[in-house]
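K.L.:
Sharing a structure here in structure tokens format.
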Amino acid sequence: MSRLSPRGNHKKRSRSANLKNDTDLSGYPSLLKPHWIVFGQKIKVVISPTEVIEEGTGRILAGNYSYLDKRITLNGTLPPEEMVRTLYHELSHALLNRVGLVQTDMTKDQHELICENFSNWIFETFG
Ligand SMILES: [Zn+2]
């Protein structure tokens, strides 16, 4: 499950180029820690120094959650606020997976709708 990069002008942050590797989160908001625990499952968070491209479609993504790898990849070229919003969105996918909604017959669009609205509410409430 993934989140499309929002339309608009994304200035490439110079610190992206200074990352030692894709797990170096120094300089990013404290919410962007290397891993999160979602109902007992460790979810790794990595920041890509380059844009995240969706396999198959070539679309530029704000982030992606891999169920198989238990890993969230964030597009490191986004502004910090957008990265935090994307983190919440991708964590919502991990949450839906952990509570079993992924195993239902919900459509991808329904998943995305839930994750986008839930993450917007988290951001609106907690920043
Ligand atoms: Zn998504």
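K.L.:
Determine ³J(HN,Hα), in whole Hz, for all residues of the range 40-50 in sequence, where each value follows from phi through the Karplus function 6.51 cos²θ - 1.76 cosθ + 1.60 and θ = phi - 60°; x replaces Gly and Pro.
P.N.:
x, 9, 7, 10, 7, 10, 10, 10, 7, x, 10
K.L.:
Using +1 on the beta carbon of Lys and Arg, -1 on that of Asp and Glu, and nothing else charged, what's the dipole of the range 33-93 about the Cα centre, debye to 20?
P.N.:
It comes to approximately 300 debye.
K.L.:
Dividing the convex hull volume of the Cα atoms of the range 25-127 by its residue count, what figure in Å³ per residue is obtained?
P.N.:
Once divided by residue count, the hull of the range 25-127 is 107 Å³.
Since every read-out is calculated from the coordinates, none of them should be taken as a lab result. The model shown is predicted, which means the values in this text are computed figures rather than measured ones. We place every Cβ from the backbone using ideal geometry, glycine too, and count neighbours over all the protein chains shown.
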